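The structure appears right after this line, and notes come after that.
The values are calculated or read from the model by the stated rules, or taken from the named source; none is laboratory data. Keep in mind that what you see is a predicted model, and the values were worked out from it rather than measured. When we count neighbours, we look across all protein chains shown, and the Cβ atoms used for this are built from the backbone with ideal geometry, even at glycine. Protein only, heavy atoms only, side chains kept; ligands, DNA and RNA dropped before computing areas. Shrake-Rupley method; radii C 1.70, N 1.55, O 1.52, S 1.80 Å.
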Amino acid sequence: MIIFKRLPLVLILFCCSVIVHAEKKWNAHWITSADIKNEPNSWICFRKDFNLKKTSEEVIASIAVDSKYWLWINGEMIVFEGGLKRGPSSEDTYYDDVNIAPFLKKGKNSVAVLVWYFGKEGFSHKDSGKAGLLFDCKVRGVSMNSDTTWKAGIHPAFLPFEGVQPNNRLSESSLCFDARKDIGNWVADENVCSSWEPAVIMGTSPCEPWNKLVLRPVPLWKNFGLKEYENKDQLPAVSNGEPIVCELPANLQVTPYLEVETTEGDTINIKTDHLYGGNEPNVQARYITRRGVQEYESLGWMNGEKVIYSIPKGVKIVSLKYRETGFNTEFLGSFICSDPFYNRLWEKSRRTLYVTMRDNYMDCPDRERAQWWGDEVNESGEAFYAFDTKSHTLQKKGMYELINWQRPDSVIFSPVPAGNWSSELPGQMLASVGYYGFWNYYLHTGDLKTIADLYDGVMRYLSVWKVRTDGSLIYRGGDWNWGDWGEQKDMQLIQSAWYYIAIKGAQKMAVELNKNEDAAMLDKKMVSFKNAFNALYWNGKSYRHPDYQGLTDDRVQALAVVSGIAEQSKYPALFEVLKEHEHASPYMEKYVIEALFIMGEDEYALTRMKKRFKRMVDDPDHTTLWEVWGNSDDGFTGGTTNHAWSGGGLTLLSQYVCGIEPIIPGYSTFQVAPQPGGLTSASAVIESVKGQIDVAFEKHNNLFNLSVNVPGQTSALVKLPYGNLDEVRLNGKLIWEHDNVLSKKDALKITFTNQPNQLKVGSGNWTFITTN
């Protein structure tokens, strides 16, 4: 087995608007091994040797597979797990563009590719039915294109895994590697491959079953390299036969590694503490030894806080390590405040978010790895505050997939990509295309082309929904009538509120795209819907559908506020409801707490946040947040402990407590409107498409100190908290006293608005000190 100890920085080219793009001309063939049977969990080796008289500064290799690949040039690993799960649509396949020029040399060269063919359907992958490789590359007149000059063979050491199999949501298999059947260092030594048959040609792209090839819209994974476990000093030198528990620094996506000295035929099993995530079996690994000192790294990633090796008694352990890989983004966002609880909540939310990012946003990395869009709406909103701008591409990829998988009846569904699912969850789908989904993406990125590409699909889906003559929504059950985990769900009003949020987002998109007739039509629908909703369902104390018999649903009240359905005059009554009722799951709790911030109840918003999330934030055994309020100790058997839909608090702390939120798409203008609640200090950093934004405040008695860094090419609308201010100082200058403007110098680059406590500033560093 080839071991990957040191990997160079690989250059991959990706474009943020590549899902809809000009068709590439392909010269290579799809190839496979003559011995392939297209069985699940097949591993195929491909190799090409060639000579170069000269090299070039840039040599782009376009690579497509079903399902994953590892790439070596001249025996040096340069791509660790390339390829994306199928597909960009229900028929098509992704490909990667990789610049391999830095790894080529004059004279003899080799390309080696190991392909893992899943051969299984799943909630995040559509199986093509055939294992294959396409490698399209030419340099200095020398073709490296995949054809019969390549050699191919089935890797004999990868065997079917015997035992508990991963649940049917996962397309990945558990791995078994028998080192007694290993073929040695075939990527570096061409003699190992001398007996292999030429590759078999299956077609030239585009061809079935891979069809159209679409350039990978997200970067290759970040590879953190092999690392020691946290408890490396406590690990045994010789196994005593008991499970060896190795501790990771957090819940990570890892490929476990071992180096042992033993006899032939020992069986080593490897799993994580998340083998049964949500009580459904996840992937695991098995290694069967040869004689002597040997190394092995299991290439199918698994996740958890602990990696557990079961090694037979007497086996000498030279080294146990792990390699973390993950979405290639930087942790540039931050939040710190005077209460350590919210700091832990923010960091646990980000850790949960990161472990649910890879080929797509996932609900969880163990049970499903599936792109459920209710989850993605929350997750993508968190990413804008937690990571750098490369993270935006993952939501964009999902948006194109959602519309490209649209059913002939105009219904959209998730999760996609998927080979064994096609059912609509109406509430989640309305959330996906609406204000918190597609519009929020545009608001943070300013990427109008993506909205333009997807707009017609959004409108086709909204045409599925019908309203009565009074504007109220006609309820649709869809394929799965799911509104939230938990009880006391006023389903008809939950769905109605999500519908309004969807048409609100569509109306804003129509305005941006100059679809004037659509914008007017949607605006009219919003007005009639809002009037009908308030007339039909407001009972003077709360919103309730007449057919609903349960306790008052806090979700409905929250959605009415965050959508704008509820007028401010209803806020006092709604506040009383949200103080009394707590039925929302961690997924929907985000909208409940957001409603409290919108109503100006920031102190209680933080109180409720702490009350609701305290157990999972304070949980010492998990670095991530749970799917539900209880865990298995409470008798709940379906939830996972790494569900990023629970991380809405991250968004709320940055967006509302520190007040950072785009107003004009792409951060052409953003607002800073802090809502401190009971905190005495807080600071946040985000990496926007316009650059880094820093906000920090301190509160001491009647003094409030606010500092704001506004990057270039943008401006900030600053809304100072607290009314009836006595004075405002900006960068040391007194500019406001008893509601009177004292200084309005152009050098300060400020504009006073007609609203008290609000002013607009341009790029630069600003410090506001207010007294009241």
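Some points to look at:
- Relative pair counts by distance (%), Cα atoms of the chain, 10 Å bins: 3, 13, 22, 24, 19, 12, 6, 2, 0
- Kirkwood-type hydrodynamic radius, segment 397-525: 15.0 Å, calculated from all non-identical alpha-carbon pairs.
- Projecting the Cα atoms of Ala497, Pro711, Leu52 onto the charge dipole of the chain (Cβ charges, centred on the Cα centre) puts Leu52 farthest toward the positive pole.
- Förster radius 25 Å - calculated FRET efficiency between Cys207 and Asn51, Cβ distance, rounded to 0.05: 0.25
- The stretch between Ser143 and Asp456 holds 108.5 nm of extra length on full extension. This uses 0.36 nm per residue minus the Cα-Cα distance.
- With every protein chain in place, the chain: carbon and sulfur % of accessible area (1.4 Å): 47 percent
- Val741/Glu487 FRET efficiency (R0 45 Å; Cβ-Cβ; nearest 0.05): 0.25
- Net lengthening on full extension, Lys524/Glu58 (0.36 nm per residue, minus Cα-Cα): 162.3 nm
- If only the Cβ of Lys and Arg carry +1 and only the Cβ of Asp and Glu carry -1, the dipole of the chain around its Cα centre is close to 1600 debye.
- Hull volume per residue, based on the alpha-carbon atoms of segment 333-372 and their convex hull, is 70 Å³.
- Additional length obtainable on full extension of the chain from Glu190 to Gln234, 0.36 nm per residue less Cα span: 11.7 nm
- A 1.4 Å probe run over the protein chains yields, for the chain, 36 Å² of accessible area per residue, whole-number rounding.
- Helix-derived mean residue ellipticity, 222 nm - over the chain, DSSP H n ≥ 4, -39500 (n - 2.57), to 500: -7000 deg cm²/dmol
- Once Rg and the Kirkwood radius are both taken over the C-alpha atoms of segment 256-373, their ratio Rg/Rh works out to 1.08.
- Bins of 10 Å from zero: percent of alpha-carbon pairs in segment 650-709: 22, 56, 19, 3
- Pairs of alpha carbons in segment 334-447 whose separation is greater than 26 Å (percent): 20 percent
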